[in-house]
Amino acid sequence: MRLSQRPFRSVLLAACVALPIGLAAARPFVPAAAAPLPGPGRLAVARLQYEGGGDWYANPSSLPNLIRAIAERTSLPIERTEAKVTLTDSSLFDFPFLHATGHGEMKLSEVEGRRLREYLTRGGFLHVDDNYGLDESFRREIAKVFPDRPLVEVPTSHPIYHIVYDFPNGLPKVHEHDGKPAKGYGIFIGNRLALFYTFSTDLGNGWEDVGTYPDPPALHEQAIRFGVNLFTYAATSRVQP
């Protein structure tokens, strides 16, 4: 059976919160080999590798730190190793959560656009974090993927702001850049938020090792907490295409 005909792996599990744990100059990064596929009943985070020239590999310590927090703070059976996938990889549909970031250009081929639409429509979740520079190209490319579903601002009443940790005032603001307010935009498929775009917040920078940037540990903690919310929502939201 071709992959495109396989049902998307969906694991709907309730999350429980453990005791909160205490708690980022660019660094060279060599992409590691892709992580093994998640085992039966396991959930995994995959970093999305895209074309166009943007540094999709930015913030190398961010996802390992987020994965560790998810494992320690929830009951979700998460794989401890970050995977790396492209939209044309045969393993794409094995990952319930994709993360994309970068400072530069993102470009999706027609085939990649179709695969992303299929992935999201069949229950996948994509988090895109603008690392200051991705915004224009991401908005252009996602409009091609979903010409019928525009990005909309996600209200702070949405469960993604409250599912584990409470963020009544919206996203934490990690880095200032142009001083614009942190915003969360999304694409809904039915009632399900399938794509969440964090803009003017640098959430992924907040996930990086404390000391990577001159940010206080409390801000790192807020960023990590919101990341836990993101993954928990992705893993437990009901698919309603």
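The values are calculated or read from the model by the stated rules, or taken from the named source; none is laboratory data. From a predicted model like this one, the values you see are computed outputs, not experimental measurements. Reconstructed Cβ throughout: ideal geometry from the backbone, glycine too, with neighbour counts over all protein chains shown.
Before moving on, here are some points about what is shown:
- Only one of the numbered conditions (1) over 17 Å from the mean Cα position of the chain (by Cα); (2) of a type in the set (A, V, I, L, M, F, W, C); (3) farther than 22 Å from Trp56 by Cβ is violated by Val154, and that is (1).
- Which listed residue, of Phe199, Phe138, Phe188, Phe125, is under 25 Å from Lys107 (Cα atoms), surrounded by fewer than 19 Cβ atoms within 10 Å (Cβ to Cβ) and not hydroxyl-bearing (Ser, Thr, Tyr): Phe188
- Among residues of the stretch 201-231, those that are closer than 11 Å to Leu66 by Cβ and of a type in the set (Gly, Ala, Ser), counted: 4
- Taken together, the residues in the stretch 55-96 that are among the small types (Gly, Ala, Ser), over 24 Å from Leu116 (Cα atoms) and touching a helix residue (DSSP H, G or I) at 6+ places or on another chain (Cβ under 7 Å) amount to 1.
- Qualifying residue in the stretch 153-173 (condition: surrounded by 15 or more Cβ atoms within 10 Å (Cβ to Cβ), among the basic types (Lys, Arg) and modelled with pLDDT of 95 or more): no
- Restricted to the stretch 101-147, and to residues there that are of a type in the set (S, T, N, Q) and over 17 Å from the mean Cα position of the chain (by Cα), the residue that is nearest to Phe199 (Cα to Cα) is Ser137.
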